[in-house]
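Data first, discussion second: the structure below is written as structure tokens.
Values quoted throughout were computed directly from the atomic coordinates according to the rules given, and no laboratory measurement underlies them. Because the structure is predicted, anything quoted here is derived from the model rather than measured. Here the Cβ is made from the backbone with ideal geometry for all residues, glycine too, and neighbour counts use every protein chain on show.
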Amino acid sequence: MRVVAIIQARMGSTRLPGKVLLALGGQTVLAHVIARVQAAPVADIVVATTVCPSDDVVVEEAKRCGARWFRGSEDDVLARYHLAAQQSGARVVLRVTADCPLLDPGVLGTLIETFVAQLGAGVDYASNTLQRTYPRGLDAEVFTAAALETAFLQATKPHEREHVTPYLYQHPELFRLYHLVNDVDLSHHRWTLDTLEDFQLLDAIFRALAGGPITTQRVLAYLDRHPELVRLNAHVAQKKLEANG
């Protein structure tokens, strides 16, 4: 079963432009994401960016990090994903975004392996996001290329095109869903990068834990000792699906 990771990346973030190429611990955010996905059980990695000239630098960074790339629509991200999956020959797609530099390869592996094991039972989509128990920033979704194609052909609402997967998980009558749930609820942690406050937290983590692998366990232990850091971005609200629709 060919599992391909497709990493969504562009320079044009509205709240923190250029965030995917900001430096953390001597590497770009995108480089960290690619390295963590490379440690997961995937056959290939594709950075899916846009045709905008401003994203030429995203392509160059993908090349430098040993990932392939695909360029497509800036606004119709669902089409971008579908075409990237087609080009890569994916049977199963792992979707992550380039603003999650603390992605956990172990969590990615568990999600992929659990999903593949349930393909015979007809599962179409799995994630650790719909029933949130992991820190925001360890987000991942896995789905079949066939389900992605169905969404590409049938989704019509703006937020369904911009955010790739809502058509899948908002239509449980059409797709069989699986939720990966953590043993401990860590959903109050925010380790994604969308604002300056997010960057300040991540920068503190990467500086403090430099010199060794920055694992989920080490991050949690460090933040337990420094709860004031958790408060840096605790107030940041995640953008709603329909916010730009």
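The table that follows gives values for the structure above.
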quantity: For the stretch 83-225, share of DSSP beta bridges that run antiparallel, in % to the nearest 5; calculated: 65
quantity: Per-residue Cβ neighbour rank within 10 angstrom, fewest leading, CYS52, CYS100, CYS65; calculated: CYS52, CYS65, CYS100
quantity: With 10 Å bins from 0: P(r) over the stretch 110-217, alpha-carbon pairs, percent; calculated: 13, 35, 31, 17, 4
quantity: For the stretch 3-187, with +1 on Lys and Arg beta carbons and -1 on Asp and Glu, the positive-most of LEU180, SER127, PRO17 along the dipole; calculated: PRO17
quantity: Top of VAL47, VAL184, VAL107 by mean-square fluctuation, Gaussian network on the chain, Cα under 10 Å; calculated: VAL184
quantity: Integer Hz, Karplus 6.51/-1.76/1.60 couplings in order for the stretch 15-23, x for Gly and Pro; calculated: 8, 8, x, x, 4, 6, 10, 5, 9
quantity: Rough spin-label spacing in nm, given labels placed 7 Å along Cα→Cβ, for ARG91 and HIS179; calculated: 2.9
quantity: 25 Å Cα-Cα reach of LYS239 towards lysines, excluding residues that sit fewer than 8 places from it in its own chain; calculated: LYS19, LYS157
quantity: Computed magnitude of the charge dipole of the chain (debye, nearest 20; Cβ of K, R +1, Cβ of D, E -1); calculated: 260
quantity: Debye log10 I(q)/I(0) for the chain, one point scatterer per Cα, at q = 0.08, 0.11, 0.16 Å⁻¹; calculated: -0.28, -0.54, -1.22
quantity: Euclidean distance between Cα centres, the stretch 15-39 to the stretch 118-185, Å; calculated: 24
quantity: Segment ALA237-ALA43, extension gain: residue separation times 0.36 nm, minus the distance between their alpha carbons; calculated: 66.4 nm
